[in-house]
Each structure stands twice: as C-alpha cells, then as structure tokens.
1. What are the aspartates and glutamates whose alpha-carbon lies under 15 Å from the alpha-carbon of Lys189, with same-chain residues fewer than 8 places away excluded?
2. Tell me which of Asn142, Tyr38, Ala186 sits at the most positive position along the dipole axis of the chain, charges placed on C-beta atoms (Lys, Arg +1; Asp, Glu -1).
3. Given Cα pairs under 8 Å that are at least 6 residues apart, what percent is the relative contact order of the range 44-198?
4. Taking the mean number of other Cβ atoms within 10 Å as a proxy for protection, how do you rank 154-166, 176-188, 80-92 from highest to lowest?
5. If you look for lysine pairs in the range 52-171 that are eight or more places apart or on different chains, how many of them have Cα atoms under 17 Å apart?
6. When only the heavy atoms of the protein chains count and the probe is 1.4 Å, how do His55, His198 rank by accessible area, highest first?
7. Top to bottom by accessible area (1.4 Å), largest first, where do Thr170, Thr73 land?
Amino acid sequence: MRMLLLSALCGTLIQGALAQQITPNKYGLLVVGTTAQYEQLIKKDRSQELVDLEHFIPHIRKDVRYATTNNFTHQQLYKNTKIYLRRPAAEKLKAVQEALNKKGYTLLIYDAYRPYRVTEEMFKIVPNDLYAADPRKGSGHNRGVAIDLSMADLKTGKPVAMPTDFDDFTKKAHENYVPADPIVAANRKLLRDTMIQHGFKGSSTEWWHYYLPDYKKYPLMDIFF
C-alpha cells in the first residue's frame, strides 16, 4: 500500500504523458531517468529546471567529495564536479550567498543534485537513514532541492572552522552539539541562521545538510549530466 501511495504521489508530480513514459522502480517510485523526460518536465514547468550553481551564483566555491575517494564510501561516485539545484532552490541559495558575502564569507558546496542510483549505492554502505537516504523513499538530493555545504573566507577561499568535517557520522555533527570553541559555534550558527532565513530547512544530525521544505513537489531523478 505504501508503494502505491508513493507512486501515486510521484504520478501527481510527473503529470500527463510523462508519467505514462516512466515505469515504477522496484520500490514503486517514479524516477525521471532520461534527458528526454527531463526536458519534457521543464518544458511544462520552468521551476523544475536544474541550474548550474557555478554559473548562477558569483564567487561560489566547491569541494565535491563524491567525485573523489575522500568520502565515507571511499569510492568515486561522480565522474565530474558539476553542481546543480532546481531553480527555486538555486535562487534561494543565491540570496544566501549575497548575505554571506556582505559578512566576508562565501558558500562552499560539497554536494547538490545527486542521481538516484548514487543514493542506492550509499545506502548499501551505510543502511541508516539518519545519515544516508533510504532509496525506498529517495532523497532531497535526488529531487535537486537539497544541498550539502559550508562556508569559506571570501578573499582567501579558506574553509571556516566547523564542528566536524563533511560526512562525519558522530554526535559532533549534530545540531545540538555544543563546540568547545566559540568561533566554531558562531560559524555553524551563521550558516544555519542564514540558510533558514532564506527558506531552507536544516538537518538535526548533519550541520552541512539543508533542503527545501516542499521537496516532494519535485520528482526524483536519475540522470548524470
């Protein structure tokens, strides 16, 4: 029954002829899996477009860990370091960047849109949905409206101090952890406050993870660009 409900929800999001072209996966989810399906989707709704963040947001920096082996899987999951978000999320993130630039910081992106099959691979390695998205539900990253990030100094590009490194699965990465260093606490607070102020919701277990609250209106995708 749950699979049917999820499939029906996705069918509402991927309307009309496009939904008929997509076969539900083994979990009953409808996943946009071809560029033709994606182009048909954005033709009907421009808000579904994935925006290249490096072109859209001035001064943004990136450290795409899944394009390297320096991540919790110890595998290279991406072939390139492109970073994309759906247009509404990209516009909100641009406003975040503008606010942080005024205070001498810039955004540092670890991950943005993530193809669905990568979520499947991650869950095989860490089958705990506190830290890795359950492929039976899909991820906000798969929908293009979740972002993993930190901050860096606007002039030097040097990352600011945070409670942990990216993808740290200890309690030090949790929202309620109290860092001993007040500078670290202030950095985390500035990032969280600015992201929330501009429409994002944060994670309770990952200080770097944010997403749009209305993520379900964006269909899951499994396309490498």
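The values are calculated or read from the model by the stated rules, or taken from the named source; none is laboratory data. In this text, all values refer to a predicted model and were calculated from it rather than measured experimentally. Cβ coordinates were reconstructed from backbone atoms using ideal geometry, including for glycine residues, and neighbour counts include every protein chain displayed. The area values use the complete protein model at the heavy-atom level, side chains included, leaving out ligands, DNA and RNA. Shrake-Rupley method; radii C 1.70, N 1.55, O 1.52, S 1.80 Å.
1. Glu175, Asp181, Glu206
2. It is Tyr38, whose Cα lies furthest towards the positive end.
3. The value is 22 percent.
4. Per-residue Cβ counts within 10 Å, averaged per peptide and sorted highest first, yield 80-92, 154-166, 176-188.
5. Lysine pair count for the range 52-171: 14.
6. Most to least solvent-accessible, the answer reads His55, His198.
7. Ranking Thr170, Thr73 by accessible area, largest first, yields Thr170, Thr73.
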